[in-house]
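I have placed the structure first, in the form of structure tokens, so that the comments after it can refer back to it.
The values are calculated or read from the model by the stated rules, or taken from the named source; none is laboratory data. Predicted, not measured: the structure shown is a model, and the values here were computed from it. For accessibility, only protein heavy atoms count, side chains too; no ligands or nucleic acids. Shrake-Rupley method; radii C 1.70, N 1.55, O 1.52, S 1.80 Å.
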Amino acid sequence: MLSGDKLKVILSNKMILASVFLFLSVTILFLPALSGWRGIFHDDQAMEEFSRYCFVARNLQHGVIPLWDPQTWCGAIPFYARYYANTYYIPLWPFLLLANLNNLNQAYWSLILAPLFLHYLLAAFGMYFLLRRVLKAGYIASCFGAVAYIYSPTFVYAYVWQQVIVVQAWLPWLLTIYVSLLKQWQVWKVLLAGAIFSFILNKKACLKAFLAE
């Protein structure tokens, strides 16, 4: 149990309150899926995304980076050139490697729900810091601005394309670091911005590979 003094300190810390608010906002958005009321498993998710992630996960768990998919047109289309392959998006690898492919329910949580949930959190906190530190908005305005961002039509509907969510989740962080670099140049900021840009570029590179098929 928290003592009265500790509780007062927590309640007086606006950053803690903002974090709890943003976490709850993302949880509410995912509540139908997390509680089993309704799954995020239809349309592109069911017919394309989930099966593709299972294919990548099965290969990675055997120490293989898949370049070809023999089950699609007998391998006529190279898997590395698939528009939504996501093979080289490193933050997704822990989910792919830890997924239990013998249990589709658990695999669904590992490959679909967990990555989506974490990227929505990433987007919410990224937009919060962009509004708070770059645009100098107040705590309440920054919180509601972040919620408006993740509840916008592109986020609410684009879960069927995880690649779109990934790009939108990293963009606020990239912009925040860019503005910070303009104010004060530091090596760690350049490295962090480069890493984030590589994540985003990885998604854009898929289109080039797709057009080159």
Accessible area in the full protein assembly, largest first, 1.4 Å probe, for 155, 95
95, 155
Pull up all non-local amide H partners of residue 137: gap of 5 or more, or a different chain, and H-to-H distance under 5 Å with H placed in the peptide plane.
132
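Normalized C-alpha radius of gyration of segment 99-179, against 2.2 N^0.38 Å?
Rg over 2.2 N^0.38 Å, computed on Cα atoms: 1.24.
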Whole number please: convex hull volume per residue of the Cα set in segment 43-145, in Å³?
132
Cα centroid separation, segment 152-185 to segment 52-131 (Å)
19
Return the ratio Rg/(2.2 N^0.38 Å) for segment 132-171, where Rg is computed over Cα atoms only.
1.31
